[in-house]
Amino acid sequence: MPREQFDVIVVGAGSGGGVLAPRLTDDPSRRVLLLEAGPDFPDELELQPGFYSGGHQFQHQYVGDHDWGYSSEPLPPENGSRTIRLPRGRLVGGSSMANAQMFVRAAPFDFDRWQAAGATKWTWDTVRPCYEAVEREVHAKRYARSGWQPLQLAYEEALLGLDYVQRDDMNAADCWNGVVGATPINRVNEVRQGTLVTTIRKARHRENLTIRPDTLVDRVLLEGGRAVGVRTIGPDGQARDAHADRVVLCAGAYGTPAILMRSGIGPAAHLRSLGIDPVADLPVGVRLLDHAVCYWYVENHALADMRGPSTALIARHRDNDWMSVVTTLDETQGLCGLAFATTGDNVGGPFLLRSSDPTAPPIINHRYDVEQLRSAEQAVHEVLSTDAFRGSRFVDAGRSFEEIVAERVGTCYHPVGTAPIGAVVDNDLRVHGIDGLMVADASVFPTQISNNTNLTCYMIGEVAARKLGAAPRLY
Ligand SMILES: Cc1cc2nc3c(=O)[nH]c(=O)nc-3n(C[C@H](O)[C@H](O)[C@H](O)COP(=O)(O)OP(=O)(O)OC[C@H]3O[C@@H](n4cnc5c(N)ncnc54)[C@H](O)[C@@H]3O)c2cc1C
């Protein structure tokens, strides 16, 4: 077979890669190969029901047939020693086609923390235009109050009574502390606006973009300290190599560190223990960050009503390190959930390979800092004391905070930071010590952000495109 040569290979067609590859092909002279382990759905008429995710997206969000099927190692005792599911989209569109569609920016102060952690070029002034560029391409909407669940209306009323401030734009730069408002949601005509149906759809007809689904990337091909391509396993199980001047890994916070490690880039002792020759001894996967989420349960038959989207409303309290949504869990039982997600780092890890076999699931260690949730439980009590929640029964009454979090704390689906800017990649997203190899996805977060992660991964795809020479689009 003749050697396949591209200018850029992008590995992973999710949030980061699904923005990056289309942007790179704005230049018709640049040949791009976009590789994806999962299937492609080029025709919208074939979209599966799970992608139509209006109403109650928490029920649809897993898009089960297209999930990697990962689970954590047992959590630490204070997190209940449980094993939890860790959903990740495995299809063209990646997790952007499997998520809950809260389309929210990080906070300006998050990038102060990034700079302190070594991402010195990632200032708010440099990232903001890239958020704006993505927001011009991928539309978000806010549900009008008339479409909210009674529970959400009551929650807003309760918080306003507790001196929270109502805000129209929860993506505004000063919208972080003691605020409540409609969630920006990337959904149009009740279809998730993941990269499959937005950025990738617009570019897929281009002759200089080759999308190759059902293709698992085993490792990066390295020659003399330079990335020259990737080794893939196709749907027929056959290994095949593709070559390029540059390789960008966008396989997500679990996929990217696995590919790096199989390529010999990672903690040398761990790689040797698996029979992989170390090429670059870098702290890949040493830290694994996430947000913790925990629900408190309330029974109120008047408020429990599943009409309307379950994430129409969001509240944030920076001083208390949480963000919060409320959702009806069971109409017949009158069961309502008050969900709080932490906004701090929640440092877990290590992320490790189980073996050098690219089809083996990795070893994923998460750890949730439950102390960050104490103020959330306090907020639950305050909300329940308001008139808006009169007549509610606190289902968790009599149970200790420790019992509740041990039973319920888990992933907010925001793993990041396994190949961070600073320790593993430089400010231009280039892997230290390896020419021609970059990372552009959730792996590069040097610290966690205070919000949901999807839009920031899109932003990173846009930043990477510009670093590779893509000109800002004129609109
Ligand atoms: C259930 C769920 C709900 C969520 N809800 C929200 C939300 O409401 N709002 C929000 O902002 N964020 C949400 N998130 C998080 C958000 O979707 C992710 O942070 C974001 O999509 C990550 O982008 P990424 O580019 O890093 O990875 P992904 O989008 O996961 O892309 C990685 C891609 O690489 C592919 N890949 C991996 N390994 C290989 C390999 N070896 N070879 C080839 N391809 C490979 C994967 O199949 C995937 O398509 C949610 C996530 C989930 C799973």
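Where does helix 15-24 land angle-wise versus the long Cα axis of the chain, in degrees 0 to 90, nearest 10?
The answer is roughly 50 degrees.
State to the nearest 20 debye the size of the charge dipole of the chain about its Cα centre, where the only charges are +1 on K and R beta carbons and -1 on D and E beta carbons.
940 debye
Could you work out how far apart the two model spin labels at L47 and E78 are, taking each label as a point 7 Å from the Cα in the direction of the beta carbon, and quote it in nm?
In this crude spin-label approximation the distance works out to 4.3 nm.
Specify whether the C-alpha gyration tensor of region 1-157 places it in the rounded, prolate or oblate class, a ≥ b ≥ c being the square roots of the eigenvalues: rounded for a/c under 1.5, otherwise prolate if a/b is larger than b/c and oblate if not.
rounded
What does the C-alpha gyration tensor say about the overall shape of region 111-151? Classify as rounded when a/c is under 1.5, otherwise prolate if a/b is larger than b/c, or oblate.
Oblate.
Tilt of helix 150-161 relative to the longest C-alpha principal axis of the chain, in degrees (0 to 90, nearest 10)?
Between helix and principal axis, roughly 80 degrees.
If you project the alpha carbons of region 76-224 onto their three principal axes, what span does each projection cover, largest first, in Å?
62, 41, 40
Farthest toward the dipole's positive end in the chain, which of P472, H66, G308, given Cβ charges of +1 (Lys, Arg) and -1 (Asp, Glu) about the Cα centre?
About the Cα centre, the residue reaching furthest to the positive side is P472.
Sort 334-343, 357-366 for me by packing, meaning the mean count of neighbouring Cβ atoms within 10 Å per residue, highest on top.
Per-residue mean Cβ counts within 10 Å order the peptides as 334-343, 357-366.
Which stretch or stretches of region 190-207 have amide N atoms under 18 Å from the point lying 7 Å from S29's Cα along the Cα→Cβ direction?
207
Using only the alpha carbons of region 338-475, determine the length spanned along each of the three principal axes and report them from longest to shortest in whole angstroms.
That gives 62, 47, 25 Å along the principal axes, largest extent first.
Spin-label point model (7 Å from Cα, Cβ direction): what's the A397 to A173 distance in nm?
Output for this residue pair reads 4.7 nm.
So, in Å, what gap is there between the alpha-carbon centers of region 363-388 and region 309-357?
Rounded to whole Å, the Cα centres lie 10 Å apart.
Considering only C-alpha atoms, what is the centroid distance from region 145-173 to region 1-46, in Å?
Measuring centre to centre over Cα atoms gives 40 Å.
How big is the antiparallel share of DSSP beta bridges in the chain, given as a percent to the nearest 5?
Within the chain, antiparallel bridges account for around 70 percent of the total.
Give the residues of region 199-221 whose amide nitrogen is closer than 15 Å to a point set 7 Å from the Cα of R3 in the direction of its Cβ.
So the set is 221.
According to the square roots a ≥ b ≥ c of the eigenvalues of the Cα gyration tensor, what is the shape class of the chain, taking rounded for a/c under 1.5, prolate for a/b larger than b/c otherwise, and oblate for the remainder?
The shape class here is prolate.
With +1 on each Lys and Arg Cβ and -1 on each Asp and Glu Cβ, how big is the dipole of region 206-284 about its Cα centre, in debye rounded to the nearest 20?
Roughly 80 debye for region 206-284.
Sort 230-239, 453-462 by the packing proxy (mean of other Cβ within 10 Å over each peptide's residues), most packed first.
453-462, 230-239
Just subtract the alpha-carbon distance of R466 and Q333 from 0.36 nm times their residue separation and send over the number in nm, one decimal.
42.7 nm
Among L352, H381, G93, which residue has its Cα furthest toward the positive end of the charge dipole of the chain, with +1 on Lys/Arg Cβ and -1 on Asp/Glu Cβ?
Towards the positive end, the residue furthest out is G93.
With angles folded into 0 to 90 degrees, how steeply does helix 252-262 sit against the dominant principal axis of the chain? Use alpha carbons for both and round to 10.
On a 0 to 90 degree scale, this one is about 30.
Among G225, I265, V188, flag the residue with its Cα farthest along the positive direction of the charge dipole of region 181-287, charges on Cβ as +1 for Lys/Arg and -1 for Asp/Glu.
Of the listed residues, the answer is V188.
With only Lys, Arg, Asp and Glu charged, each at its Cβ (+1 for the first two, -1 for the last two), find how big the charge dipole of region 97-180 is about the Cα centre; round to the nearest 20 debye.
Dipole about the Cα centre, nearest 20: 240 debye.
Could you tell me the relative contact order of the chain? Use alpha-carbon pairs under 8 Å, at least six residues apart, and round to a whole percent.
Worked out over the chain, it gives 24 percent.
N427 versus E407, label points 7 Å from Cα toward the beta carbon: distance in nm?
5.0 nm
Bear in mind these aren't lab numbers, they're just calculated from the coordinates by the rules spelled out. Quick caveat, the model's predicted, so the values are computed rather than measured. Backbone-built Cβ (ideal geometry, glycine too); neighbour counts: all protein chains shown.
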